[in-house]
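Below: the structure, in structure tokens.
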Amino acid sequence: MSDLSVLYDAPGPRAKTRNILYTVLFVVVMALVVWWVLAIMADKGQLAGEKWLPFVEDSRVWTTFILPGLLNTLKAAALAILIALPFGVLLGVGRLSDHRWVRAPAGAVVEFFRAIPVLLLMLFANQAYAQFSDIDPETRPLFAVVTGLVLYNASVIAEVVRAGVLSLPYGQTDAAKAIGMRKGQTMSYVLLPQAVTVMLPALVSQLVVIVKDTALGGAMLGFPELLSRVQSITANYGANTIAAFTVVALIFVLVNFALTSVAHRLESRARRSRKGTGAVIGEDPGSDVAVPVIPEQPTGDGAAVKKGAD
């Protein structure tokens, strides 16, 4: 019996046949839907070659619209990531504190900002900057977008950090206490380094969310990010809406794929760095405590001496 049969019965010949038929039917239906959508787009002239030519023949569409919008998207995302990551770690560690006067405010901040949609946070931040600061109106949307992204995503990252630390075996904390480490030392040198590899997939997903959520600032605050450039492109190049959205979507895919690839590389390196040789742990016959055993080393007269730790 396989491990999967614990969850459900292994399919028999008839069930396998039905699964194959369902798969084929699903593929056929999806192909028909795609064909229908493409046919409608072709009837509207959105698949015509002249709609796509500006992205190949006219460099101004890139230098005037796409690249500046991409730069603003990356700027807002980078600022939000650089601020949200340490802020989220501090909030997550605060929620794990033994002191109620630290744990309660950190929990309140996390639960409050995690419950509010990021778009509302951007709108509130933009209004607050307009009334209580002298920030230039042209740069105010950038500040509002970064503020909303930081407040929301730092709260989510705090929960990721807390879950990652709590997922570790409690014996790690007991071992750190046994050698006299304080709570801060245990968190800094024992728990967080091990929890990084556990948290990394969720953190990468949240960083991708940050990059995509910059588009909310363009939709509501007039922030000139990448997605908002579609309107300018279609206004100057013959209402090529589908082509512009397709190009922008591909750029978002490439940016997020690059971010994910870098994070996976860091994750692999972190996992490899945790693998060490170390000393072999053996048992001393005269003691109940395991001691490291050093291999036999030859002496000057050819005899071998076996050394053990005191």
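Values in this text are rule-based calculations from the coordinates and carry no lab data. All of these numbers come straight from a predicted model, not from anything done at the bench. Positions of Cβ are backbone-derived with ideal geometry, glycine not excepted, and every protein chain shown enters the neighbour counts.
Assorted remarks:
- In region 1-92, chymotrypsin sites (Phe, Trp or Tyr not before Pro) in a DSSP loop with at most 16 other beta-carbon atoms within 10 Å: 8
- Proxy reagent accessibility, fewest Cβ within 10 Å first, across 109, 230: 109, 230
- Relative frequency of Cα-Cα separations exceeding 17 Å in region 137-198, percent: 54
- At most 15 other Cβ within 10 Å, DSSP loop - GluC sites (Glu not before Pro), region 89-189: 138
- Three-way shape call for region 208-252 based on the alpha-carbon gyration tensor, with the a/c threshold at 1.5: oblate
- Extension gain (nm, one decimal) between residue 249 and residue 108, 0.36 nm per residue minus Cα-Cα: 47.1 nm
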